[in-house]
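Peer 1: Sending over a structure as structure tokens; questions will come in a sec.
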Amino acid sequence: MSDPLRGYLREVPLIAILRGLIPEHALDIGQVLIDTGFRVIEVPLNSPRPLESIAALARAFGNRALIGAGTVLRPGDVRRVEEAGGRLIVMPHGDPTVVAKAKHQGLFCIPGVATPTEAFAALAAGADGLKLFPAEAIPPNVVKAWRAVLTPEILLLPVGGITPERMGAYFSAGASGFGLGSALFTPDMPPAAVRQRAEAFVSALARR
């Protein structure tokens, strides 16, 4: 677990997952998220020209937010993300070679895990937090069981199918925050619609 990473998530413990973002829209969408309090933004590498979007976001907002890549599958991807200005590596899996590469480069890394065995292996590899993925298969009662064996300082971040209404039960079970995908952003959404959804998530935090 990383205290600096926890710092980015302290006020708004939400990671914006901008799958499908194109570089031409990166600054407008990024500004909306920054304005509503988000401080961690990832662009999945299976988006169109993702490194261009990461570079644009890092230049504009890197002094205020943690910008990086999601869906990072191979160690070689880590270097390309770093060269684009990204400082965060998020993975759908727990490949220790990717985690090790990210940490060697001095980047934050949040691997995806679906079992306690994978969780402990990822932490042993140097993970800064754990992406519980897919969250649809890891409901709050399972998170509560995980939290019984994972110490409080370890970041547990469910990702997949998270809505404002679902966050409360996960927080009560011990979740640290969330990654938000299509419930926050889809490529066809105008900035105003993203703002509305972002504000709904941030408002729900006050009710946890």
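The values are calculated or read from the model by the stated rules, or taken from the named source; none is laboratory data. Being a predicted model, the structure only gives us computed values, none of them experimental. Cβ atoms come from the backbone with ideal geometry, glycine included; neighbour counts cover every protein chain shown.
Peer 1: All but one of (1) out of contact with any helix residue (DSSP H, G or I) (no Cβ under 8 Å at 6 or more places or on another chain); (2) small (Gly, Ala, Ser); (3) within 30 Å of Thr117 (Cα to Cα) hold for Gly20; state the number of the condition that does not hold.
Peer 2: Checking Gly20 against (1) out of contact with any helix residue (DSSP H, G or I) (no Cβ under 8 Å at 6 or more places or on another chain); (2) small (Gly, Ala, Ser); (3) within 30 Å of Thr117 (Cα to Cα), the one that fails is (3).
Peer 1: Please verify whether Gln105 is surrounded by fewer than 24 Cβ atoms within 10 Å (Cβ to Cβ), touching a residue at least 24 places away in the same chain (Cβ under 8 Å), under 21 Å from Ala183 (Cβ atoms) and not aliphatic (A, V, I, L, M), treating the condition exactly as stated.
Peer 2: Answer is no for this residue.
Peer 1: Check off (1) touching a Phe, Trp or Tyr at 6+ places or on another chain (Cβ under 7 Å); (2) surrounded by fewer than 21 Cβ atoms within 10 Å (Cβ to Cβ); (3) under 24 Å from Gly161 (Cβ atoms) for Pro44 and give me the number that stays unchecked.
Peer 2: For Pro44, the failing item is (1).
Peer 1: Scan the range 163-178 and give yes if some residue there is under 14 Å from Arg19 (Cβ atoms), in contact with a strand residue (DSSP E or B) (Cβ under 7 Å, 6 or more places away or on another chain) and buried (at least 17 other Cβ atoms within 10 Å of the Cβ), otherwise no.
Peer 2: no
Peer 1: Cβ-Cβ below 8 Å, separation at least six or inter-chain, first residue in the range 47-72 and among the hydroxyl-bearing types (Ser, Thr, Tyr), second surrounded by 22 or more Cβ atoms within 10 Å (Cβ to Cβ) and part of a helix (DSSP H, G or I): which pairs?
Peer 2: Ser47/Ser53; Ser53/Ala26
Peer 1: Tell me the helices (runs of 4 or more DSSP H) entirely within the range 71-154 that contain at least 1 residues that are among the hydroxyl-bearing types (Ser, Thr, Tyr).
Peer 2: 96-104, 116-125
Peer 1: Restricting to the range 159-208, count the residues that are at pLDDT 95 or above and either more than 21 Å from Ile110 (Cβ to Cβ) or among the β-branched types (Val, Ile, Thr) (or both).
Peer 2: Residues flagged as at pLDDT 95 or above and either more than 21 Å from Ile110 (Cβ to Cβ) or among the β-branched types (Val, Ile, Thr) (or both) within the range 159-208 amount to 25.
Peer 1: May I ask you to list the residues in the range 155-208 that are among the aromatic types (Phe, Trp, Tyr) and outside any helix (DSSP H, G or I)?
Peer 2: Matches in the range 155-208: Phe178, Phe185.
Peer 1: Could you grab me the full set of residues in the range 1-38 that are among the aromatic types (Phe, Trp, Tyr) and either over 16 Å from Gly181 (Cα atoms) or not in a loop (DSSP other than H, G, I, E, B) (or both)?
Peer 2: Matches in the range 1-38: Tyr8 only.
Peer 1: Could you tell me whether Thr117 is under 16 Å from the mean Cα position of the chain (by Cα) and of a type in the set (Ser, Thr, Tyr)?
Peer 2: No; evaluated as a whole, the condition is false for this residue.
Peer 1: Taking Arg64 as meeting all but one of (1) part of a loop (DSSP other than H, G, I, E, B); (2) charged (D, E, K, R); (3) crowded, with 24+ Cβ neighbours inside 10 Å, write down the number of the exception.
Peer 2: (3)
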